[in-house]
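Okay, so here's the structure we're looking at.
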Amino acid sequence: MKERPNLVLAVVAAVVVLLAAVAAFLAANRQPPDLDPSTPEGTVQLFVRAVLEGDDEEAVGYLDPSLGCRAPLPDLYRPQGATITLVDSVTRDGTAEVTIDVTEQAGGGLFGSWSHRETLRLRAEADRWLVQRDSWPIYSCR
């Protein structure tokens, strides 16, 4: 009679593990919403996406020309995949600071990723925003 409660407990535990795995898979493969490109947040999203996809021409278009960056960008680390999450955005007097959490995937498996927080600084120019200073993932163009 004691075998039946153990079997029920094992089945419940297996279902919980399966649901957790499905939830993790869905969360990892969820596409983020496209942000308004006329905002600092949208500019950061487009800039990071261009860098990660290797579109150096587009990425340079989001950078302040005073940085001296040109395509092709210098050798830089490009993760195999990354998930970017907006943490905070502060805009004042024509400047902005956009803070993001970056989760990089370096291969397969549950432990093949790590996270870090980055803050990108932007300035307004006419009807768009430009990334200022050397920031992640391009620390220097010189």
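The values are calculated or read from the model by the stated rules, or taken from the named source; none is laboratory data. Since we're looking at a predicted model, the values are computed, not measured. FYI the Cβ positions are ideal-geometry reconstructions off the backbone, even for glycines, and counts take in every protein chain you see.
A few notes on this one:
- Of the residues making up the stretch 31-73, those that are among the hydrophobic types (A, V, I, L, M, F, W, C), farther than 18 Å from Ile84 by Cβ and part of a helix (DSSP H, G or I) are Val60, Leu67.
- Residue count for the stretch 72-94 under the criterion of being out of contact with any helix residue (DSSP H, G or I) (no Cβ under 9 Å at 6 or more places or on another chain) and closer than 18 Å to Leu46 by Cβ: the result is 2.
- Only listed residue being exposed (fewer than 10 other Cβ atoms within 10 Å of the Cβ), modelled with pLDDT of 90 or more and either not β-branched (Val, Ile, Thr) or not assigned by TED's automatic domain parsing to the domain that holds Leu122 (or both), chosen from Asp93, Asp88, Asp56: Asp93
- In the stretch 1-47, residue farthest from Glu58 (Cα to Cα) [restricted to those that are among the charged types (D, E, K, R) and modelled with pLDDT under 70]: Lys2
- Only listed residue being surrounded by 13 or more Cβ atoms within 10 Å (Cβ to Cβ), of a type in the set (S, T, N, Q) and more than 21 Å from Pro33 (Cβ to Cβ), chosen from Gln105, Gln132, Gln45: Gln132
- Taken over the stretch 75-91, the residue count meeting the criterion of being touching a strand residue (DSSP E or B) at 6+ places or on another chain (Cβ under 8 Å) and either of a type in the set (Gly, Ala, Ser) or touching a residue at least 60 places away in the same chain (Cβ under 8 Å) (or both) is 4.
- In the stretch 117-142, the qualifying residues are those that are part of a loop (DSSP other than H, G, I, E, B) and of a type in the set (Lys, Arg), and the one that is modelled with the lowest pLDDT is Arg142.
- Across the stretch 59-71, the number of residues qualifying as in contact (Cβ under 8 Å) with a residue 24 or more places away in the chain and crowded, with 20+ Cβ neighbours inside 10 Å comes to 4.
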